[in-house]
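Down below is the structure, laid out as structure tokens.
What follows is calculated from the coordinates using simple rules that are stated; it is not laboratory data. Given the structure is predicted, the values throughout are model-derived calculations rather than measurements. No Cβ is skipped: glycine too gets one built from the backbone with ideal geometry, and neighbour counts run over all protein chains shown.
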């Protein structure tokens with residue numbers, strides 16, 4: 001009977017579950033709304049139901065479900081399987097999710113932070129295959145990060161490492177939701193792009209036209225793709241800021257690869273030139289040439305795939 | 001017969017050698033000028049002479065010299081023991097120093113980058129004892145760095161990791177010798193302090209008085225200690241810039257400890273308040289509180305001690 005694991009990406013918006021083979025193929029997948037606002041008990045029940053449904057399906061197909069891997073947002077104490085704190089689930093403080101799931105499911109469960117899981121997913125089956133040191137930057141609403149060194153996630157002393165979106169780029173720059181000013185996230189995320197576009201538009205035309213009050217980052221890429229000069233400049237500036245941050249990461253880590261994911265990745269040709277230019281200008285020549293900057297490959301699957309990788313890996317060492 | 005190693009700190013200015021016991025005590029030490037300008041052959045001969053003299057002295061005292069550890073500036077390929085490139089020794093490109101020394105000495109030799117060796121020295125016997133993840137920042141003429149994660153130096157893909165002095169703090173800031181602009185090194189090193197003082201003085205009095213043309217960083221600390229307002233402000237600004245850099249490192253690494261060494265460390269009370277303020281303002285609360293920021297303890301011995309640590313450690317695994 002073939003061994004499989006269930007990989008889970010528990011996001012603030014979507015709950016994704018999949019059955020994965022030991023070589024990382026997705027054999028079955030399911031996605032539904034998380035409804036985070038329903039509160040801890042209901043969300044955990046929904047999570048359990050989804051895992052059980054996948055498990056049943058796996059068993060019916062003749063597979064042996066050896067473990068479950070869960071990627072969750074926030075601060076995760078990986079060794080104990082506790083969600084210490086999660087911005088998406090405010091009432092989850094110090095939730096022993098691993099224990100709760102294991103008791104109900106009777107299967108080994110392993111937890112990882114979602115950005116770290118995505119990094120492991122890309123390393124296993126995506127843009128980081130064969131690479132032992134890589135950094136994943138996810139440019140979404142905010143900017144997330146996962147650091148893989150010597151083939152392992154670097155978690156830090158409190159499980160909070162990898163907050164690359166909150167490096168300071170401009171000491172007295174834009175106020176960030178984290179309390180700092182001038183974080184990378186404020187310039188190179190979807191939110192940052194929208195803010196830059198609105199600022200540039202305000203300067204160019206003395207105010208933001210009504211029909212652009214609710215402009216999205218996607219609309220900015222589209223406008224840039226269609227040749228709108230302001231949007232083109234905004235996307236280049238975003239790329240420059242990303243390049244400044246990546247240049248520092250290269251000088252600090254001298255990594256093999258940096259993988260850029262998240263929704264903003266779709267605008268790749270609009271920013272990557274400016275990013276590379278900034279890196280070559282700022283980072284030391286040898287590591288700058290060494291570090292490949294590549295787009296992520298797994299999209300929304302990265303978290304599930306990485307959670308499955310964790311489950312396969314740790315299940316080996318605990319059995 | 002007691003086992004000892006010889007620890008060497010091969011600097012651009014000074015060549016230090018010491019006999020160290022397995023618990024890191026310095027049993028004997030020697031320092032002389034490196035005379036880097038004499039060229040590769042002469043410097044290597046001088047290095048060999050010094051090691052031989054220490055070894056002879058150790059043997060006379062009844063010790064067994066089991067290995068030699070050498071900390072050298074520049075890019076070191078640690079596994080092969082090659083000095084790839086060194087700013088202090090321009091004619092040392094790709095020098096197989098480990099092999100050369102081993103052939104002549106008949107004793108196992110291990111190489112490490114000098115900043116990494118200093119970090120390992122502080123971890124073993126100085127400000128990092130008992131700590132598994134720490135970052136050493138040496139504020140000297142420039143700013144060097146050594147990163148210890150999970151008890152090991154993070155070398156990076158080319159042995160060039162840890163160039164923390166060349167994180168960008170001010171994207172369009174002061175031109176750095178590395179080619180970048182606005183590096184941490186340009187604000188928080190001895191050179192940076194002198195530049196800031198001269199700039200501040202120029203602004204305040206319309207020019208730098210003749211007698212201050214050659215001001216040193218030590219003179220700036222002294223002036224600040226004596227209450228000179230401009231010097232006090234310069235030292236605080238230096239501390240702020242250091243804090244901006246450290247806050248980013250805390251968000252990226254979530255380390256247990258950050259050790260600050262180098263000559264500028266002697267001005268500790270003049271800058272550390274501003275550094276801590278900036279960290280608390282900018283880094284995430286949990287890791288910011290967790291990370292202890294402490295002065296280095298070993299001073300100029302750190303490199304030798306760390307090189308000895310490497311020798312003891314690797315000698316175990318190769319014998």
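Across all Cα atoms of region A:1-134, the radius of gyration (one decimal) and Dmax (whole number) stand at 14.4, 41 Å. A convex hull fitted around the alpha carbon atoms of the protein assembly as shown yields 175 Å³ per residue. Normalised by the residues of chain A, what does the relative contact order come to in percent, with Cα pairs under 8 Å and at least six apart? Reported as a whole number, the value is 21 percent.
Ranked by Cβ crowding within 10 angstrom, fewest neighbours first, how are B:268, A:154 ordered? Could the numbers behind the result be given before it?
Numbers: B:268 15, A:154 24.
The fewest-first ordering by Cβ neighbours comes to B:268, A:154.
Compute the projected area of the convex hull of the Cα atoms of region A:62-127, averaged over all viewing directions, and report it in nm² to one decimal place. Working shown, then result.
On the way: hull surface 21.8 nm².
The number I arrive at for region A:62-127 is 5.4 nm².
Stretching the chain fully between residue B:268 and residue B:49 yields a gain of 75.1 nm (0.36 nm per residue, less the alpha carbon separation). Take each residue of peptide B:171-183, count the partner chain Cβ atoms within 10 Å of its Cβ, and average: the result is 3.
Let me have the 222 nm mean residue ellipticity of chain B computed from DSSP H runs of 4+ only, each contributing -39500 (n - 2.57), with the sum over all residues rounded to the nearest 500.
Values: 10 runs with 134 residues, N = 319.
Computed mean residue ellipticity for chain B: -13500 deg cm²/dmol.
Once the Cα atoms of helix A:229-253 and of chain A are each reduced to a long axis, what angle between those two axes, in degrees from 0 to 90 to the nearest 10, is obtained? Around 60 degrees separate the two axes.
Just to confirm the number: angle between the C-alpha axis of helix A:114-125 and the first principal axis of chain A, 0 to 90 degrees, nearest 10? Once rounded, one gets 80 degrees. Mean per-residue shielding of peptide A:285-293 is 3, counting Cβ atoms of other chains within 10 Å of each Cβ. The alpha carbons of chain A give a radius of gyration and a Dmax of 20.3, 68 Å, in that order.
In percent, how large is the relative contact order of region A:62-179, given Cα pairs closer than 8 Å and 6 or more residues apart? If you can, show how the numbers build up before the last one.
Numbers: 186 pairs, mean separation 23.0, N = 118.
Here the relative contact order equals 19 percent.
Quotient of the Cα radius of gyration of region A:68-206 and 2.2 N^0.38 Å, N being its number of residues: 1.23. Protection proxy ranking of A:219-226, B:181-188, by the mean of other Cβ atoms within 10 Å over each peptide's residues and highest first, is B:181-188, A:219-226. Shown for residue B:277: label points 7 Å from Cα along the beta-carbon vector, and their distances to the equivalent points in the other copies, 3.8 nm in ascending order. Summarising the strand pairing of chain B, around 55 percent of its internal DSSP beta bridges are antiparallel. Axis of helix A:268-282 versus longest Cα principal axis of chain A: the two differ by about 80°, to the nearest ten degrees. Residue by residue along B:241-253, Cβ atoms of other protein chains within 10 Å of the local Cβ number 6 on average.
Inter-part distance, region B:137-201 to region B:224-295, computed on C-alpha centroids, equals 14 Å. For region B:127-146, backbone nitrogen atoms closer than 16 Å to the point 7 Å from residue B:292 Cα along Cα-to-C-beta are found at B:127-137. Annotation: Cα Rg of region B:245-303 relative to the compact-globule expectation 2.2 N^0.38 Å equals 1.15.
State, to one decimal in nm², a quarter of the convex hull surface area for the C-alpha atoms of region A:138-283, i.e. the direction-averaged projected area.
Working: hull surface 37.6 nm².
Spelled out: convex hull of the Cα atoms, projected over all directions, averaged, 9.4 nm².
Position residue A:211: other-copy label points at 7.1 nm, ordered by increasing distance, label point 7 Å along Cα→C-beta.
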